[in-house]
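A.B. asks: Quick one: the structure is below, and I'll ask about it shortly.
What follows draws every value from the coordinates through simple rules; no lab data is involved. Here the structure is a predicted model, which is why all the values come from computation and not from measurement. Cβ sites come from the backbone with ideal geometry, for glycine too, and all protein chains shown count toward neighbours.
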Amino acid sequence: MLILGVETSCDETAVAVVEDGCKIRSNVILSQIDRHRKFGGVVPELAARCHLEAITPIVEEALREAGVLPQEIKLVAATYGPGLIGGLLVGLSLAKALSLAWKVPFVGVNHVEGHIYANFLAHPDLTPPLICLTVSGGHTNLIYMAEHGDYEVLGETRDDAAGEAFDKVARVLGLGYPGGPPVDRLARQGKAEITLVQQDRLAGTYDFSFSGLKTAVVNLVHRLEQKGETVPTADLAASFQRQVVSTLLERAFRAVEDKKVTTLALSGGVAANSELRERFTQEAARRGVKLYYPPLDLCTDNAAMIAACGYFRWQKQGSSPLDLTVAPRLRLT
Amino acid sequence: MRVLGIDTATRTGALALLDGAQVIWAEQALIRPGGSEKLPALLAEAMEAAAVSPEELELIAVGVGPGSYTGVRVGLAIAKGLAFGLKVPLVGVSTLQALAANIKTDTLVCPLVKSRKGEVYAGLYQWQGAQLVELAPPAIWGQEELASKLKAQGERIVFLGEELDEYYTYLAHYLKEQARFGQGKENLVDAAAVARLGLAEWEKNKENQLYTVLPLYLRRTEAEIRWAERGCPG
Ligand SMILES: [Zn+2]
């Protein structure tokens, strides 16, 4: 069965064709990053405009790349939240219209749940129960997945998403936007020896807070600049990144232990961070935990994961009503 | 030719199905705030009630605004999805022109759609025989600026629009007997007019606008405006 997935919740316009929820036939992603770069972050109204301009040609490209005729699509899946309302509305409305035109069911997908399914696409042997850590510019979620469609959100960020903190630190270090890759590169040349925060005020919980850490970097940079001293950018990047990864690592492996599972899956753009991958791999080996992470194009926002997740949702609960509304703050339940 | 008309630029979402000149059905529903995404369900219900199957549609006409950015995008996304999915052509129509088509009069017609910051989207239209001619294209106006410009023209004008109440007092006071105002349904966008204008456009140019039609924003995003003014974000 062929599923068409549509994803427009942030700044990637993406459409994919997936077979039976596990085989990617096409995965077309148009990143708007160049349109937002000079503003230092995603501009919601601009993102919505770009989605509408791009979406139809991308649907066409996804079908062409998959070698699939429109009438072969049997299910249309689209993200309905969480995300930026303007973009969500474009993808959701288009997907509903396609389902009407093709007379096939439509299913709304939770974007955060979608990220988990990126791992099922990449690793056919993967089965729940598992712990999934999704970290990106938009989300930081620690989730226990007992079964397909059965989740417990263990922890979330109380302030900034991990990727957002990377962006802000990159900005103050003059590294540009998006911040993840340049901070990662610079950190490799530095020593992680600067103590930025004294204690983990959320220790013992599964929640995250990156705002204090980010502010510590910003304040330190400003203090040094005022005194006319050189800013040790590489050491700062390394220290910041070490702290972020340590927090993520501690929470994730504690969850694995508490929930007595043997599988840990990573997802989201930050999962591409080299230190994160290295340290998670080491820790997983040390503890005998099976670690999974998707390739980069499935880590970041894409529609293949939405199509795959939509397929499992549809199998479990059937189609969504055509009057399904967007849910910018949708939670995973 | 079976034409589907859609308009979501104002608070009232409008859908209509025409067979040539004949209106098969027309729907108007309050869709905002928050609810324009319910339009596909409304469309599905209406088509089922009229016993019309999606593949019987031959042309999609959609209002491109000006109006709510988000609203117009929802209408366009639905229209693009239908046109692509059904392999039928898509034509964009000015929402202001569709509003103007609501009344047949010899005088000037000035449809108004609320914009932001106290401003208004307006255009100027006039029937010349069977043709509704656009004398001034949609633009953003302050109401004082618009009223003084129209006063200088010295002709009678009929104002139309869903949120006419907001401008009524000022326009009536300033333009006195020069101004007339639309009544009741005349002030709401009728998707049948969108469909009719779309069909006329299609017959004239036979140009499928699936990949080219865009909302009539008339304004860049706030972020872009600030960037142009200051050369930096924020
Ligand atoms: Zn995401």
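A.B. asks: For chain A, what does -39500 (n - 2.57) per DSSP helix run (n ≥ 4), summed and divided by total residues, give at 222 nm, in deg cm²/dmol to the nearest 500?
C.D. replies: Calculated mean residue ellipticity at 222 nm is -14500 deg cm²/dmol.
A.B. asks: Mind pulling up the Rg/Rh value for the range A:128-294? Radius of gyration and Kirkwood radius, both on Cα.
C.D. replies: Numbers: Rg = 16.1 Å, Rh = 16.2 Å.
Expressed as Rg/Rh, it is 0.99.
A.B. asks: Identify, among B:221, B:169, B:109, the residue whose Cα sits farthest towards the positive end of the charge dipole of the range B:102-234, taking +1 on the Cβ of Lys and Arg and -1 on the Cβ of Asp and Glu, with the dipole about the Cα centre.
C.D. replies: B:221
A.B. asks: How big is the charge dipole of the protein assembly as shown about its Cα centre, in debye rounded to the nearest 20, if each Lys and Arg gets +1 on its Cβ and each Asp and Glu gets -1 on its Cβ?
C.D. replies: Details: 58 positive and 66 negative charges, 185 e Å.
Here the protein assembly as shown has a charge dipole of around 880 debye.
A.B. asks: Which of the lysines could a cross-linker bridge to residue A:191, judged by Cα under 18 Å and excluding same-chain residues fewer than eight apart?
C.D. replies: The qualifying lysines are A:214.
A.B. asks: Rounding to the nearest 20 debye, state how big the charge dipole of the range A:252-333 is about its Cα centre with +1 on each Lys and Arg Cβ and -1 on each Asp and Glu Cβ.
C.D. replies: Details: 12 positive and 8 negative charges, 78 e Å.
Computed charge dipole of the range A:252-333: roughly 380 debye.
A.B. asks: Where does each of A:81-88, A:173-180 land if you order them by average Cβ count within 10 Å, highest first?
C.D. replies: Details: A:81-88: 24.0, A:173-180: 19.6.
Going from most to least packed, we get A:81-88, A:173-180.
A.B. asks: Loop only by DSSP, 13 or fewer other Cβ within 10 Å of the Cβ. Give me the trypsin sites (Lys or Arg not before Pro) in the range A:249-333 that pass, ordered by residue number.
C.D. replies: Numbers: sites: A:251, A:254, A:259, A:260, A:277, A:279, A:286, A:287, A:290, A:313, A:316, A:329, A:331; in loops: A:259, A:260, A:329, A:331.
Sites meeting the loop and neighbour criteria: A:260, A:329, A:331.
A.B. asks: Which one, A:216, A:78, A:5, is farthest towards the positive end of the dipole of chain A when Lys and Arg carry +1 and Asp and Glu -1 on their Cβ?
C.D. replies: Going by the charge dipole, the pick is A:216.
A.B. asks: Return the average number of partner chain Cβ atoms within 10 angstrom of each residue Cβ along peptide A:75-86.
C.D. replies: Details: counts 0, 2, 0, 0, 0, 1, 0, 0, 0, 0, 3, 4.
The per-residue average across the peptide is 1.
A.B. asks: So what's the angle, to the nearest 10 degrees on a 0 to 90 scale, between helix B:165-175 and the longest Cα principal axis of chain B?
C.D. replies: 40
A.B. asks: Tell me which trypsin sites (Lys or Arg not before Pro) from the range A:150-232 have a DSSP coil assignment and no more than 13 other beta carbons within 10 Å of their own.
C.D. replies: Working: sites: A:158, A:168, A:171, A:185, A:188, A:191, A:201, A:214, A:223, A:227; in loops: A:158, A:188, A:191, A:201, A:227.
Loop-located and lightly packed - A:188, A:191, A:201, A:227.
A.B. asks: Using DSSP to call loops (not H, G, I, E or B), can you name the GluC sites (Glu not before Pro) in the range B:38-139 whose Cβ has at most 16 other Cβ atoms within 10 angstrom? Mind dumping the intermediate values first?
C.D. replies: On the way: sites: B:45, B:48, B:55, B:56, B:58, B:119, B:134; in loops: B:58.
Those that pass, being in a loop and sparsely packed, are B:58.
A.B. asks: Shifting gears a bit: Taking every DSSP beta bridge with both residues inside the range A:128-294, roughly what % is antiparallel (nearest 5)? Please report the intermediate quantities before stating the final value.
C.D. replies: On the way: 12 of 20 bridges.
Within the range A:128-294, antiparallel bridges account for around 60 percent of the total.
A.B. asks: Return a whole-number percent for the relative contact order of chain A, with Cα pairs under 8 Å and 6 or more residues apart as the contact set.
C.D. replies: Working: 721 pairs, mean separation 86.8, N = 333.
Rounded, it is 26 percent for chain A.
A.B. asks: When DSSP beta bridges are limited to those with both residues in the protein assembly as shown, what percentage is antiparallel, rounded to the nearest 5?
C.D. replies: About 60 percent, rounded to the nearest 5.
A.B. asks: So in the range B:103-187, what percent of DSSP beta bridges are antiparallel if you round to the nearest 5? If you can, show how the numbers build up before the last one.
C.D. replies: Numbers: 13 of 20 bridges.
Bridges in the range B:103-187 are about 65 percent antiparallel.
A.B. asks: Based only on other Cβ atoms within 10 Å, what is the fewest-to-most ordering of A:19, A:113?
C.D. replies: Details: A:19 16, A:113 26.
So the ranking, lowest neighbour count to highest, is A:19, A:113.
A.B. asks: In the range A:128-294, with Lys and Arg counted as +1 and Asp and Glu as -1 at Cβ, which of these residues, A:226, A:256, A:266, has the Cα nearest the positive end of the dipole, that is, farthest along it?
C.D. replies: It is A:226, whose Cα lies furthest towards the positive end.
A.B. asks: Here is a follow-up. Under 20 Å between alpha carbons, and skipping anything fewer than 8 positions from residue B:176 in its own chain: which aspartates and glutamates qualify?
C.D. replies: Excluding near neighbours in sequence, the set is B:106, B:144, B:145, B:155, B:163, B:165, B:166.
A.B. asks: Another question, then. Using only the alpha carbons, work out the radius of gyration and Dmax of the range B:103-187 in angstrom.
C.D. replies: For the range B:103-187, the Cα-based Rg and Dmax read 11.9, 37 Å.
A.B. asks: Right, something else. For peptide A:87-93, compute the average count of partner chain beta-carbon atoms within 10 Å of each residue's beta-carbon. Show your work: numbers first, answer last.
C.D. replies: Working: counts 1, 1, 7, 7, 2, 5, 14.
Partner-chain Cβ atoms within 10 Å, mean over residues of A:87-93: 5.
A.B. asks: Could I ask something else about it? Evaluate peptide B:82-91: per residue, the Cβ atoms of other protein chains within 10 Å of its Cβ; return the mean as an integer. It would help to have the intermediate numbers written out before the result.
C.D. replies: On the way: counts 6, 3, 11, 13, 6, 2, 1, 0, 1, 0.
Averaged over the peptide's residues, the number is 4.
A.B. asks: Fewest first, what order do B:64, A:218 take by the number of other Cβ atoms within 10 Å? Mind dumping the intermediate values first?
C.D. replies: Values: B:64 26, A:218 15.
Arranged by neighbour count, lowest to highest, B:64, A:218 become A:218, B:64.
A.B. asks: Rounded to the nearest 10 degrees, what's the angle between the helix A:85-102 long axis and the longest principal axis of chain A, both from Cα atoms, 0 to 90?
C.D. replies: 20
A.B. asks: With only Lys, Arg, Asp and Glu charged, each at its Cβ (+1 for the first two, -1 for the last two), find how big the charge dipole of chain A is about the Cα centre; round to the nearest 20 debye. Mind dumping the intermediate values first?
C.D. replies: On the way: 34 positive and 38 negative charges, 70 e Å.
Taking the Cα centre of chain A as origin, the dipole is about 340 debye.
A.B. asks: Between the range A:169-238 and the range A:58-80, what's the alpha-carbon centroid distance in Å?
C.D. replies: Here the answer is 42 Å between Cα centres.
A.B. asks: Between the helical axis of B:191-205 and the dominant principal axis of chain B, each derived from Cα atoms, what acute angle in degrees is found, rounded to the nearest 10?
C.D. replies: Compared with the principal axis, the helix lies near 80 degrees.
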